[in-house]
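In what follows, a single structure is set out as structure tokens and then discussed.
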Amino acid sequence: MASVPNEPPLVLLVEDDHAGRLLYADWLIDAGFRVEQTHNGLQALERAFDLIPDAILADLNIPGIDGYELTRRLKSDPRTSAIPILAMTGYAPFTNDPGRADRAGCDALLPKPCEPEDVTSTLRALIDDARERRSA
């Protein structure tokens, strides 16, 4: 379940590369986030519905359903439509159509390799914006 006022924000991390997933999880935990991890798009979809995290950090090039389809499905479902999604990619075809992530509904995008500060500051900003919209 998403965080309560004094609890650290919950981030659902979606990354198929095991070493990369552990690296991102360490960054997020060190920055004060709670982290749940998944390795593919279908698993991420199920976990997002179960957990309703504060934010999702997702690689766009993941097995099952890719990050674009994952984002479209999450943004079209009323249970998860307000969850901010930070996409990241090192996927070469992305350069041919950089607007695709935006059209899918991603709230922000970082190219890989990402710096820890960029990931955590972007997530914090997205979570803060989402909280402000909910309380308005």
*Could you pull out every one of the helices (runs of 4 or more DSSP H) wholly within the range 12-86 that has 3 or more residues that are among the basic types (K, R) and within 14 Å of the chain's Cα centre (by Cα)?*
67-76
*Kindly indicate the residue of the range 104-136 that is among the hydroxyl-bearing types (S, T, Y) and out of contact with any strand residue (DSSP E or B) (no Cβ under 6 Å at 6 or more places or on another chain) and also farthest from I29 (Cα to Cα) among those meeting that condition.*
S135
*Scan the range 33-40 and give yes if some residue there is in contact with a strand residue (DSSP E or B) (Cβ under 8 Å, 6 or more places away or on another chain), hydrophobic (A, V, I, L, M, F, W, C) and modelled with pLDDT under 95, otherwise no.*
no
*Within the range 29-42, can you find the residues that are crowded, with 18+ Cβ neighbours inside 10 Å and either at positive phi or without any contact (Cβ under 8 Å) to a residue 40 or more places away in the chain (or both)?*
V35, Q37, T38, G41
*Determine whether the range 106-119 contains at least one residue that is surrounded by 19 or more Cβ atoms within 10 Å (Cβ to Cβ), among the acidic types (D, E) and not in a loop (DSSP other than H, G, I, E, B).*
no
*asked:* List the residue pairs whose Cβ atoms are under 7 Å apart, where the first residue sits in the range 69-86 and is within 19 Å of R131 (Cα to Cα), the second is of a type in the set (D, E) and in a loop (DSSP other than H, G, I, E, B), and the two are 6 or more positions apart or on different chains.
replied: P84/D107; I85/D107; L86/D107
_Quick test of your reading of the structure: A101 fulfils all but one of (1) under 18 Å from D129 (Cβ atoms); (2) free of Cβ contacts under 8 Å to residues at least 40 places away in the same chain; (3) buried (at least 17 other Cβ atoms within 10 Å of the Cβ). Name the failing condition by number._
(2)
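The values are calculated or read from the model by the stated rules, or taken from the named source; none is laboratory data. Since this is a predicted model, take the numbers as computed values, not measurements. Glycine also receives a Cβ, built like all others from the backbone with ideal geometry; neighbour counts cover every protein chain displayed.
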